[in-house]
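S.K.: So that we are looking at the same thing, I have put the structure below in structure tokens.
The values are calculated or read from the model by the stated rules, or taken from the named source; none is laboratory data. Not measured: the values here are computed from a predicted model. Cβ sites come from the backbone with ideal geometry, for glycine too, and all protein chains shown count toward neighbours.
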Amino acid sequence: MSKIDFSKFHYGNVADHIEELEDIVGKENVMTGMHDRAIRAASCAPFPMQRWEDHIPDVVVLPGDTDEVSEVMKLANKYRLPVVPRGAGCGLADGAFPLNKGICLDMKRMAEILEVDDINRTVTVQPGVNMQELNKVLAKVGMYYPDDPASYGTAVIGGRIGTNGWSVAGAGSGHPANLVCSMEVVLPDGQIVRVGKGGSKKCRNSSAGYRMLELFFGHQGTLGVVTEAVLDCAPKPEVEFPSYFGFSSYDAAYKALFQLGISGIKSVVNYIMFDDEKIDFLRRDDDAFIPLPETVKCVVMATFAGTEGEVLAARKKSLSIMKAAGGHYLGEEQAWGDWATRHDRYHLAVHCRNKAGQVVTMSWHCEDNCMIHSELPEFTHGLHKIVKKYVEKYDGIFDDAGCFIYTGGPYRTWGDYLAEVDVFINELAMTPELWERWLDMKREIAELAVELGGSISICHGACREGDIDVLIDKELADGQFDLMKRIKKMFDPNNIMNPGKYNLHLAY
Amino acid sequence: MEILSYKDFYEEPVKKDAPVSEELTKDCYNVFACRHKFCREWCPDYVEERNESYTSYGVHTSTLALACGNASLPEMKNEFIHCLECGQCELKCPNTMFGGDFYHYATTTVDLVRKMRRDLHAQGIDYDGFDEVQQVIDEHLAHDAGPDEELTSWAAGLDLPLAGETMMFVDYYNAFQTREVPIAAAKILKAAGVEFGILKHPHVTTGELYETDEDKWVEAAKKNVADLKAAGAKTVILVNPHEYSYFIKEYPRYCGTLPFEVVYITDYVNDLIKADKIAFVKPYNKNVTYHDPCSLNKLCGNYQAPREIIAALPGTHADVEKPILQWKYCCGNGVSGAFRKALPDVAYKIGVRRLRHANDVGAEVLLLACPHCKDMFAETKTKSGINIEPVHILEVVAYCMGIEV
């Protein structure tokens, strides 16, 4: 990919404004050391280590409140300094990955829980709050914030909003976009605005005006910085029941997933299918686990939560559906311990192999396509065909770690799914040539997703190299990208917010 | 306890203007590769400062950046001092949790931090506040060079022999700053009829020295092992969990398999209680909770005995959090005292947070099994005014036995 030419934006020199930044947030909250900046260059894999230097921000700033964020933005806007907001840095679309250096606005210091309202069931937080830590506080009053991504223990609220994150429990309790009532946003010119679903901070529904709140979901730091959010909380479920079912073929598991999806069970958390390649991947160190019968080729997981009566009924109904579909219940021991642990190993750097079966250190990456039910078999088989072509050609550089298929939409279990192929990549062995092949792989995957009527991304954002070309040329080709450019230019006339992300420099 | 990962390549120093070894680069990459950063929200320093530069991800990625030419060693002088060496991040790291057992390869942040502090010091690059740490080192080296009587003066009047099959090893911190701890230990053992001795001249074990002048520390370690062996030790009881972790994790690395068994005092006392060798004569009518010392719980996986002792104390009402939930806690001192010396404000905030947690469970007393925790919490209580008393568990055992300490 050719490097973006930013020269026409006439960006100022960040190094000339360090003292002003120190005046705003305090000297101790401005970091200029190369290592402090270097560790904030990457988000999740793959990271182009051969070009690490190009992505190191000029300075790291840790603001402590909304006014400080606003002052930093005013300064940046005045002198045309690029700003890249950074939450937990665990996003999978490189939202926090600077394309043109600038100020890294690390939001993790803003981590206060401002108000817990146990009558209206909301919690007001700053953007640096992590969900697991939040739930420890909410548990004291019987409340629960149900957003549950793979990064539950590390992601922060601001990042979940900026990337339009997706929750594993979304089929039951919604995704972040469904769970934020209102929020405070600092715009590129430093103006502080509140956007919400209704007139008040805590109101969840209103048809008054445009849906401005949604605009700030998934903007990847290109439109502003979230500084406060009011979240919708749920009651903590009384009981939870995860169950795993083994199937002898992909087809049988796929049909069972459909039957579960249309069963109408309301206490669902999610349904997940592990395809045959995923099972093979997780069998790599099978002797560390309770042996999985050889007849098991695919696995479907169903999790329910709610009151005891609801979950007991759901369990009975789901067992009967899965039995009729040819599923073999894998037992409670495996459900609670063994499979949970196996699942957690999916991203281990040492879990990868070359063709000779030797361990090769690689980093985990996952695609996050959205796919409609009817096309899932063709899509997942197509994904493996693409990935395996590169694994075959570049031994020890890439590895196919199989697919997960998750119920995709909020509050429903049918229609579309997150179909995720996990690809491992040997970042340490990356060369410019291999990086280009990686982008080719990504383009092929993105094209297949769009061709089959899906989306390039259900939850990460499609702003990485490889994805972005297909997004603009195909998925958002019918005027949507043009509209994005107009909005971007209106909000950010100097293109200081995360410049280059989503190719929005094309708006100017 | 099986030690999963000793990394010999940590012995090769990282130097200015010299490439970082391939092994160290890969080791740091393994943590960078994860990027899940499950270690972060549980790092006591991060919880207070919210600066990920100093998390396990931060120190490994900084070192990786150095290997890749994207960091400068002199600029990194304060990068490694923010680590308490508590070990939480090693346990929480998916590399350890999900791969450590199978691949025998774990994340070893504490070793990396100690190594980097050492390597930087060797090149004259010291963190801010190092002078105070050097003072502690000098003080302890002076003890080592001083007369035997000073080192055993804490035991005056206890009439302890200088040899025996069971030996109690008393470090300088306990011998000079928290004498009530070894005195309580000695009186409990004597009352239970245990015959034991102490070294005439224990040599320096200070963690600050270990991460500054490894050779000097190792020389003292070898002397301690040789002297304990010469004294006839078959069992060595430690009364400081920091030294306990050094004896079971570091000493074998430098001295080979130790010629004696190493036991922590709470395990020893717990066994005496179970064997009915300890008789409690009065109750301790308090609401208590217990703080797991990082070195015991996280570095050594030792947490059961203090809980069993507390359960056996007459009259005591206890509400003790699970050891895994305490991975997140530290008193603020750290396993090497360098953190507290260099970053007293952060150390204080960590201590306050822990005391508040103890207050939340309704305790009047926070029981401890570590002299450093006791000292740190006593200071934090005084400064903050949080109304909870930090007390060493041995003092309570002695109290219930009717022993004056």
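S.K.: Could you pull out every one of the strands (runs of 3 or more DSSP E) wholly within region A:101-171 that has 2 or more residues that are crowded, with 24+ Cβ neighbours inside 10 Å and hydrophobic (A, V, I, L, M, F, W, C)?
M.R.: Hits in region A:101-171: A:103-106, A:122-125.
S.K.: Now for a separate question. Among the residues of region B:171-179, are any of a type in the set (Lys, Arg) and within 29 Å of B:Cys28 (Cα to Cα)?
M.R.: So the first thing to find is which residues in region B:171-179 are of a type in the set (Lys, Arg), and the list is B:179.
From the residues that got through so far, the ones that are within 29 Å of B:Cys28 (Cα to Cα) too are none.
No, that holds for no residue.
S.K.: Another question, then. Which of the residues spanning region B:76-85 are touching a helix residue (DSSP H, G or I) at 6+ places or on another chain (Cβ under 6 Å) and facing another protein chain (nearest Cβ under 10 Å)? Can you show your working first?
M.R.: Taking region B:76-85 as the starting set, the residues that turn out to be touching a helix residue (DSSP H, G or I) at 6+ places or on another chain (Cβ under 6 Å) are B:76, B:79-85.
Within region B:76-85, B:Met76, B:Glu79 meet the criteria.
S.K.: A follow-up question, please. In region A:36-51, which residue that is outside any loop (DSSP other than H, G, I, E, B) and under 26 Å from A:Gly153 (Cβ atoms) is farthest from the other protein chains (Cβ to nearest Cβ)? Walk me through it before giving the result.
M.R.: Here is the first cut: in region A:36-51, the ones outside any loop (DSSP other than H, G, I, E, B) are A:36-38, A:49-51.
With the extra rule that they be under 26 Å from A:Gly153 (Cβ atoms), the set shrinks to A:36-38, A:49.
Working: A:Asp36: 5, A:Arg37: 9, A:Ala38: 4, A:Met49: 7 Å.
If we take residues in region A:36-51 being outside any loop (DSSP other than H, G, I, E, B) and under 26 Å from A:Gly153 (Cβ atoms), then A:Arg37 is farthest from the other protein chains (Cβ to nearest Cβ).
S.K.: Further question: Could you name every one of the helices (runs of 4 or more DSSP H) located completely within region A:196-284 that has at least 1 residues being within 30 Å of A:Lys297 (Cα to Cα) and touching a Cys at 6+ places or on another chain (Cβ under 9 Å)? Lay out the reasoning, then the answer.
M.R.: Details: elements: A:212-215, A:250-261, A:276-282.
Here the list reads A:250-261, A:276-282.
S.K.: For region A:228-251, which positions are surrounded by 17 or more Cβ atoms within 10 Å (Cβ to Cβ) and closer than 19 Å to A:Gly331 by Cβ? Please lay out each step first, then the result.
M.R.: Residues of region A:228-251 surrounded by 17 or more Cβ atoms within 10 Å (Cβ to Cβ): A:228-234, A:237, A:241-247, A:250.
Across region A:228-251, the qualifying residues are A:Phe241, A:Pro242, A:Ser243, A:Tyr244, A:Phe245, A:Gly246, A:Phe247.
S.K.: In addition: Please find, within region A:67-96, the residue that is surrounded by the fewest Cβ atoms within 10 Å (Cβ to Cβ) out of those that are part of a helix (DSSP H, G or I) and of a type in the set (A, V, I, L, M). Walk me through it before giving the result.
M.R.: Quick first cut of region A:67-96, residues part of a helix (DSSP H, G or I) only: A:67-79.
If we keep only those that are of a type in the set (A, V, I, L, M) too, we end up with A:69, A:72-73, A:75-76.
Details: A:Val69: 29, A:Val72: 24, A:Met73: 26, A:Leu75: 19, A:Ala76: 27.
Step by step, filter region A:67-96, then rank; the result is A:Leu75.
S.K.: Shifting gears a bit: Tally the residues that are over 21 Å from the mean Cα position of the chain (by Cα) and in a loop (DSSP other than H, G, I, E, B), restricting the search to region B:353-394.
M.R.: 8
S.K.: Can you report the number of residues in region B:395-405 which are touching an Asp or Glu at 6+ places or on another chain (Cβ under 9 Å) and either part of a helix (DSSP H, G or I) or farther than 20 Å from B:Val170 by Cα (or both)?
M.R.: Within region B:395-405, the first condition is being touching an Asp or Glu at 6+ places or on another chain (Cβ under 9 Å), and the residues that meet it are B:395, B:398, B:405.
With the extra rule that they be either part of a helix (DSSP H, G or I) or farther than 20 Å from B:Val170 by Cα (or both), the set shrinks to B:395, B:398.
Count: 2.
S.K.: Within region A:439-453, does at least one residue satisfy the condition of being in contact (Cβ under 8 Å) with a residue 60 or more places away in the chain and at positive phi?
M.R.: Yes, the conditions are met somewhere in region A:439-453.
S.K.: Still on this structure, please answer the following. Out of A:Met301, A:Met273, I need the residue that is more than 14 Å from chain B (Cβ to nearest Cβ) and under 26 Å from A:Val391 (Cα atoms). Which one?
M.R.: Working: A:Met301 fails: under 26 Å from A:Val391 (Cα atoms).
Selected residue: A:Met273, the only one of A:Met301, A:Met273 that is more than 14 Å from chain B (Cβ to nearest Cβ) and under 26 Å from A:Val391 (Cα atoms).
S.K.: Suppose the filter is touching a Pro at 6+ places or on another chain (Cβ under 8 Å) and either crowded, with 17+ Cβ neighbours inside 10 Å or in contact (Cβ under 8 Å) with a residue 24 or more places away in the chain (or both); does A:Asp492 pass it? Working first, answer last.
M.R.: Working: touching a Pro at 6+ places or on another chain (Cβ under 8 Å): yes; either crowded, with 17+ Cβ neighbours inside 10 Å or in contact (Cβ under 8 Å) with a residue 24 or more places away in the chain (or both): yes.
In short, yes.
S.K.: Hey, among A:Arg443, A:Arg412, A:Arg437, which residue is surrounded by fewer than 23 Cβ atoms within 10 Å (Cβ to Cβ), charged (D, E, K, R), assigned to a loop (DSSP other than H, G, I, E, B) and touching a helix residue (DSSP H, G or I) at 6+ places or on another chain (Cβ under 7 Å)?
M.R.: Selected residue: A:Arg412, the only one of A:Arg443, A:Arg412, A:Arg437 that is surrounded by fewer than 23 Cβ atoms within 10 Å (Cβ to Cβ), charged (D, E, K, R), assigned to a loop (DSSP other than H, G, I, E, B) and touching a helix residue (DSSP H, G or I) at 6+ places or on another chain (Cβ under 7 Å).
S.K.: Specify which of the listed residues (B:Thr25, B:Thr55) is outside the structural domain of B:Val352 (by TED's automatic domain parsing), more than 21 Å from B:Glu211 (Cβ to Cβ) and touching a residue at least 24 places away in the same chain (Cβ under 8 Å).
M.R.: Numbers: B:Thr55 fails: more than 21 Å from B:Glu211 (Cβ to Cβ).
B:Thr25 is the lone residue from the list that is outside the structural domain of B:Val352 (by TED's automatic domain parsing), more than 21 Å from B:Glu211 (Cβ to Cβ) and touching a residue at least 24 places away in the same chain (Cβ under 8 Å).
S.K.: Here is a further query. Looking at region B:68-109, which of its residues are small (Gly, Ala, Ser), at pLDDT 95 or above and buried (at least 20 other Cβ atoms within 10 Å of the Cβ)? Let's see the steps before the verdict.
M.R.: Taking region B:68-109 as the starting set, the residues that turn out to be small (Gly, Ala, Ser) are B:69, B:71-72, B:87, B:99-100, B:106.
From what's left, at pLDDT 95 or above: B:69, B:71-72, B:87.
Those that are small (Gly, Ala, Ser), at pLDDT 95 or above and buried (at least 20 other Cβ atoms within 10 Å of the Cβ): B:Ala71, B:Gly87.
S.K.: Further question: Tally time: how many residues in region B:317-331 are in a loop (DSSP other than H, G, I, E, B), surrounded by fewer than 19 Cβ atoms within 10 Å (Cβ to Cβ) and either in contact (Cβ under 8 Å) with a residue 24 or more places away in the chain or over 21 Å from the mean Cα position of the chain (by Cα) (or both)?
M.R.: Step one: list which residues in region B:317-331 are in a loop (DSSP other than H, G, I, E, B), which gives B:319-324, B:329-331.
Still in the running and surrounded by fewer than 19 Cβ atoms within 10 Å (Cβ to Cβ): B:319, B:321-324.
Subset that is either in contact (Cβ under 8 Å) with a residue 24 or more places away in the chain or over 21 Å from the mean Cα position of the chain (by Cα) (or both): B:319, B:321, B:323.
So the count comes out to 3.
S.K.: Just to be sure I understand the filter: pairs with C-beta atoms under 6 Å, separated by 6 or more residues or on different chains, first member in region A:60-87 and assigned by TED's automatic domain parsing to the domain that holds A:Gly26, second member part of a strand (DSSP E or B) and of a type in the set (S, T, N, Q). Which pairs pass?
M.R.: Within 6 Å, the pairs are A:Thr66/A:Thr227; A:Val69/A:Thr227.
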